[in-house]
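Data block below; observations after.
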Amino acid sequence: MASSDASTLLVTGATSDIGRSVAHRFARQGWSIGLLDGDAAGLHGLTEQLEGASAVIARALDLTDEEEVQQTVADIGEDMGGRLHVLVNAAGVMQAGRFEQLDLEAHRTLIDGNLWAMLAVTHAAFPLLREAEEARVVSIASASSMYGTPDLASYSAAKAGVRSLTQALNLEWAHHNIHVCDVVPPYVDAPPASPDEDGSVPVRPQRRLAPNLSPEDVADVVVEALSGDRIHWPVGKQFRWIYRLSDVLPAPVVRLLMRYVSGF
């Protein structure tokens, strides 16, 4: 059971690099922490590593199964005293490849793992967030949410959905004193590039955009987002400039910029 006076956090994708960094950060501050992920062994190891948390509750589940999500989030909420101060949606999947070369099952996995999982957990967590004062929802988006990225078409579409859902809920849930925002890292967890047919290896966006970013950098911005009123929180000084410019530059210039950072 969570301490009645401890702040409560629920992290999805808890065994990912970003999820782990967020969990460790809040554990050291004495929060009660709920961990959701599909990797049962990884959750067990993470639970043993967390230090300082008032309580740690870990559950392995399929985050795209809405019935399982609803029941699991409700169970964790009961263990946490019926309230949730912060939800961090860090779950996600990535598979790079040309759109026509990935089969439809791969596209569905990308949409479900990056958008539907976030939507399902956020929906299930609403009753708990409503019971906490000044609750927050922080979802991990992506630079791909700004402009569709080659080789990451369905991933881009899903992350754009995360961005749009965040904007809508930011307005809707303000009436419940729930602030909804997203953190926008530039491809921190992108996989290595695969060789083209001619044997050359394309330059992936993260090499030109943010070569030194780490999951800890993302966790820093997650913490920062808990005390600010912005909706979108880009990660890294270099990317922040590109993010701001994308809002004011003409569309053809933004397209050229994205061609450069994506290596196309």
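Okay, here's what the table says:
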| read-out | value |
| --- | --- |
| Pick from region 133-145, criterion surrounded by fewer than 24 Cβ atoms within 10 Å (Cβ to Cβ) and at pLDDT below 95, ranking: farthest from Val11 (Cα to Cα) | Ser145 |
| Yes/no for Ser164 being among the polar types (S, T, N, Q), assigned to a helix (DSSP H, G or I) and at pLDDT 95 or above | yes |
| Selected residue (only one of Val222, Val188 is β-branched (Val, Ile, Thr), surrounded by 12 or more Cβ atoms within 10 Å (Cβ to Cβ) and at pLDDT 70 or above) | Val222 |
| Criterion violated by Asp17 - all others in (1) surrounded by fewer than 18 Cβ atoms within 10 Å (Cβ to Cβ); (2) free of Cβ contacts under 8 Å to residues at least 60 places away in the same chain satisfied | (2) |
| Candidates Met80, Met118 - the one that is touching a strand residue (DSSP E or B) at 6+ places or on another chain (Cβ under 6 Å), at pLDDT below 95 and hydrophobic (A, V, I, L, M, F, W, C) | Met80 |
| Lone qualifier among Ala124, Ala91, Ala135 - being out of contact with any Leu (no Cβ under 6 Å at 6 or more places or on another chain), of a type outside the set (Val, Ile, Thr) and closer than 23 Å to Ala23 by Cα | Ala124 |
| Entirely in region 1-94, the helices (runs of 4 or more DSSP H) that have 2 or more residues that are more than 19 Å from Asp220 (Cβ to Cβ) and among the hydrophobic types (A, V, I, L, M, F, W, C) | 40-49, 66-79 |
| Those residues of region 98-136 which are in contact with an Asp or Glu (Cβ under 7 Å, 6 or more places away or on another chain) and small (Gly, Ala, Ser), in sequence order | Ala120 |
| Filtered residues of region 10-57 (kept if within 13 Å of Ala117 (Cβ to Cβ) and touching an Asp or Glu at 6+ places or on another chain (Cβ under 8 Å)) | Thr12, Gly13, Ala14, Ser16, Gly19, Gly38 |
| Candidate set: region 58-99, residues that are in contact with a Ser or Thr (Cβ under 8 Å, 6 or more places away or on another chain) and of a type in the set (Val, Ile, Thr); chosen: the one farthest from Asn114 (Cα to Cα) | Val86 |
| Count - residues of region 95-119 that are surrounded by fewer than 22 Cβ atoms within 10 Å (Cβ to Cβ), aliphatic (A, V, I, L, M) and in a helix (DSSP H, G or I) | 4 |
| Region 220-239 residues that are more than 22 Å from Leu165 (Cβ to Cβ), paired with ones that are modelled with pLDDT under 90 and not in a helix (DSSP H, G or I) (beta carbon under 7 Å, 6 or more apart) | Gly236/Pro186; Gly236/Ala210; Gly236/Leu213; Gln238/Ala210 |
| Ala124 of a type in the set (A, V, I, L, M, F, W, C) and under 22 Å from Pro234 (Cα atoms) | no |
| Thr47 polar (S, T, N, Q), crowded, with 21+ Cβ neighbours inside 10 Å and without any contact (Cβ under 8 Å) to a residue 40 or more places away in the chain | no |
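The rows are residues; the columns are (1) at pLDDT 95 or above; (2) in contact with a Phe, Trp or Tyr (Cβ under 9 Å, 6 or more places away or on another chain); (3) under 26 Å from Phe126 (Cβ atoms).
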| position | (1), (2), (3) |
| --- | --- |
| Leu36 | yes, no, yes |
| Met94 | no, yes, no |
| Arg98 | no, no, no |
| Arg108 | yes, no, yes |
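The values are calculated or read from the model by the stated rules, or taken from the named source; none is laboratory data. Here the structure is a predicted model, which is why all the values come from computation and not from measurement. For neighbour counting, all protein chains shown are included, and Cβ atoms are generated from backbone atoms with ideal geometry for every residue, glycine included.
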